[in-house]
Amino acid sequence: MKPIVSIIMGSTSDLPVMEKAAKFFDEMEIPFEINALSAHRTPEMVEEFAKNAHLRGIKVIIAAAGMAAHLPGVIASMTPLPVIGVPINSTLEGIDALLAIVQMPPGIPVATVGVNGALNAAILSLQMISTGDEGVQQKLINYKKDLKNKIVKANEELAEIRYKYKTN
């Protein structure tokens, strides 16, 4: 089994956030890899990874980082693949990481999700992949249908709750 998505985080301290993406890929039966690489501590390894990911069959890279959050942009500067940045809330409520990831120079785009938004990054990565894979697209259609059904069920349950002045 060869991975098609790569989850990269600046430190294993980001794993509690990024495992939401890993669990989603498991649920969707999507082969992925997960590694810790640091733009500041292991720049040579980041460069080797970024330059070769597409040659290994990776289709999308999810890169998570906190604070200065250079990792997603550094990877994006060296790969032809789409990179999705996940800002990690480690200081300043994650706003520092969000701004570092979203404010990329022209020519080096990084798609960016909300602070600690690993699940949305995973969903977005599959939406990208699904443009060329009907099987993945059907999994996403079913996933979104399940999201809708959860809300419908929640409203049915809310309708059963009684309050003196509740009108619905």
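Computed quantities for the displayed model
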quantity: Charge dipole magnitude, Cβ of K and R +1, D and E -1 - the range 1-134, Cα centre, debye nearest 20; calculated: 200 debye
quantity: Over the range 1-119, relative contact order from alpha-carbon pairs under 8 Å, at least 6 apart, %; calculated: 26 percent
quantity: Lysines with Cα under 24 Å of Lys164, excluding same-chain neighbours fewer than 8 positions away; calculated: Lys153
quantity: Tilt relative to the chain, helix 15-28 - C-alpha long axis, 0 to 90 degrees, to 10; calculated: 70 degrees
quantity: Neighbour-count order for Asp96, Asp14, Asp133, fewest beta carbons within 10 angstrom listed first; calculated: Asp133, Asp96, Asp14
quantity: 222 nm mean residue ellipticity, helices alone, for the chain (DSSP H n ≥ 4; -39,500 (n - 2.57); rounded to 500); calculated: -15000 deg cm²/dmol
quantity: Correct choice for Cα Rg over 2.2 N^0.38 Å that was computed from the model, options (i) 1.19; (ii) 0.94; (iii) 0.98; calculated: (i)
quantity: Residue exposure sequence - Ser6, Ser11 - by fewest surrounding Cβ within 10 Å; calculated: Ser11, Ser6
quantity: Members of Lys20/Lys51; Lys2/Lys23; Lys59/Lys144; Lys20/Lys139 lying beyond 20 Å, as alpha-carbon distances in this model show; calculated: Lys20/Lys51; Lys59/Lys144
quantity: Cα lying deepest toward the dipole's positive end in the range 5-133, options Met128, Pro109, Gly57, charges on Cβ; calculated: Pro109
quantity: Cα-based helix-to-principal-axis angle, 118-130 vs the chain, degrees rounded to 10; calculated: 80 degrees
quantity: Computed E for Glu47/Gln138 - FRET, C-beta separation, R0 45 angstrom, nearest 0.05; calculated: 0.75
quantity: Sparse-neighbour loop sites [trypsin sites (Lys or Arg not before Pro); the range 1-79; at most 16 other C-beta within 10 Å; DSSP]; calculated: Arg41
quantity: In degrees, nearest ten, helix 43-52 long axis to first principal axis of the chain (Cα); calculated: 80 degrees
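Bear in mind these aren't lab numbers, they're just calculated from the coordinates by the rules spelled out. Worth saying up front: this structure is predicted, and the values here are computed from it rather than measured. Note that each Cβ is placed from the backbone with ideal geometry, even for glycine, and that neighbours are counted across all protein chains shown.
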